[in-house]
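Nothing in this text is a laboratory measurement; each read-out follows from the coordinates by a stated rule. Predicted model, so just to flag it, every value in this text is computed and none were measured. Neighbour counts are summed over all protein chains in view; Cβ atoms, including those assigned to glycine, are modelled from backbone coordinates with ideal geometry.
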Amino acid sequence: MSHTRLHLEFAPNARTRSPAAWLFLFAALLLLAVLAVQVGHRLYSNAQQRQATSELDLRERPEPPKTQASVRGDPKEASRLQWARQTSRHLMAPWADLFAALESAPSSVALLVVEPSADTRSVSLTAEAANATEMLNYLQALQSDARFANVVLLSHAVEVQTPGSPLRFQLRASWGETP
């Protein structure tokens with residue numbers, strides 16, 4: 001039994017697509033994709049602008065008194081509002097000025113940890129000095145800097161297991177008016 005292939009042509013007079021037609025179709029699809037990306041980008045930027053405008057409106061508008069019913073009514077909205085306020089406080093903090101003040105204090109003190117907090121408008125530092133005199137000079141330099149207020153030494157200890165036995169200390173300073 002031999003198998004012969006049967007070729008059926010239902011539209012013998014149909015035109016085949018030329019390479020130019022395929023190129024035109026590809027160009028049209030590419031143009032459609034570019035336009036879709038541009039529209040998506042504009043929609044995204046409009047949404048970002050609306051969000052920024054609404055945050056500015058929230059900052060300028062006096063806050064209505066909070067009641068248990070309003071917070072209980074929509075916890076998602078309360079969470080978003082709290083996040084927006086916290087983000088705003090972090091963005092409005094004078095970070096560059098504060099870090100410049102820490103770096104400009106003349107000293108041979110090594111800063112190990114810098115923990116700023118925009119919520120409390122304070123910064124906690126952990127540092128090491130070769131001796132108590134250097135630690136006190138650094139503390140005095142920060143206290144005399146007008147960008148800081150309430151510079152307080154929290155703790156200090158000699159690190160006997162570290163080569164050179166440096167003096168590790170922690171201090172806290174605040175800036176601006178405390179909330």
Say we join alpha carbon atoms closer than 10 Å with springs in a Gaussian network model of the chain; which of Ala14, Ala100, Ala33 then has the biggest fluctuation?
Ala14
What's the longest bit of the chain with no exposed GluC sites (Glu not before Pro), using DSSP loop states and at most 16 other Cβ atoms within 10 Å as the test?
10-158
Which of the following values of Rg/Rh (Cα atoms, Kirkwood Rh) was calculated from the structure shown: [x] 1.04; [y] 1.42; [z] 0.95?
[y]
Compactness index (Cα Rg / 2.2 N^0.38 Å), the range 93-179:
1.07
Please give the contour-minus-distance gain from Val113 to Trp83: 0.36 nm per residue of separation, less the Cα-Cα distance, rounded to one decimal in nm.
8.2 nm
Where in the chain lies the longest segment free of trypsin sites (Lys or Arg not before Pro) that are both loop residues by DSSP (not H, G, I, E, B) and have at most 14 other Cβ atoms within 10 Å?
67-179
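How large is the Kirkwood hydrodynamic radius of the range 126-166, in angstrom, based on all distinct alpha carbon pairs?
Details: mean 1/r = 0.0884 Å⁻¹.
When all Cα pairs of the range 126-166 are included, the Kirkwood radius is 11.3 Å.
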Say we join alpha carbon atoms closer than 10 Å with springs in a Gaussian network model of the chain; which of Ala21, Ala84, Ala130 then has the biggest fluctuation?
Ala21
Which of Pro166, Pro75, Pro19 moves most in a GNM of the chain, Cα contacts under 10 Å?
Pro19
